[in-house]
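Down below is the structure, laid out as structure tokens.
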Amino acid sequence: MTYLKFYQKDKEVFFKEKQIILGEKDVKKLANKMARHFKFKILFVKVKNLKSSLGLAYPYGIILARRNINLYTFCHELAHCYQWQYNKNRRHNKKLRRTITKFLRYCNKMEYWRKEQ
Ligand SMILES: [Zn+2]
């Protein structure tokens, strides 16, 4: 599945999560918390002025676009790291979506970002 198709589908499924905007400090804290909880490694979380995408994922870190850090994109990029470390897979497939869903469920339960404000 291409990135666009995947993203298009998730736009409808995760509409609510895309409305939740996170702060720059929050994503760093939350990423560390999730890495500990789900037992994977995150070496960096950067926020930059990306032009052509909302986020980028590396095997051990993510970069998020400053103009739109939302809960869904954050979990999406983080899920790529997790998938890479556990399955050596970067693709947009069912496993990735399962991981995204798992991450979002955790975040929704914690409501961590809300406590920070
Ligand atoms: Zn992706």
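Please treat every number below as a calculation from the coordinates, not as lab data. Bear in mind the structure is a predicted one, so any value in this text is a computation, not a measurement. Because the Cβ atoms are built from the backbone with ideal geometry, glycine has one as well, and the counts that use them run over all protein chains shown.
Of note:
- The 3J(HN,Hα) values that the Karplus relation (6.51, -1.76, 1.60; θ = phi - 60°) gives for the stretch 62-70 are, in residue order, 9, 10, 10, 7, 4, 5, 7, 9, 10 Hz. Gly and Pro appear as x.
- DSSP-defined beta bridges in the chain - what % are antiparallel, rounded to 5: 50 percent
- Per-residue Cβ neighbour counts within 10 Å put LEU64, LEU54 in the sequence LEU54, LEU64, beginning with the fewest.
- Pair-distance profile P(r), taking every C-alpha pair of the chain, with 10 angstrom steps and integer %: 14, 52, 33, 2
- Here the convex hull built on the C-alpha positions of the stretch 49-117 has a volume of 91 cubic angstrom per residue.
- Calculated FRET efficiency for the pair LYS9/ARG90, C-beta based, R₀ 30 Å, to 0.05: 0.95
- Peptides 71-79, 16-24, ordered by how many other C-beta atoms sit within 10 Å of their residues on average, highest first, read 71-79, 16-24.
- Modelled spin labels at LYS41 and ILE21, positioned 7 Å past Cα toward Cβ, are 3.5 nm from each other.
- Only helical runs count toward this figure. For the chain, summing -39,500 (n - 2.57) over DSSP H runs of n ≥ 4 and dividing by all residues gives -18000 deg cm²/dmol at 222 nm.
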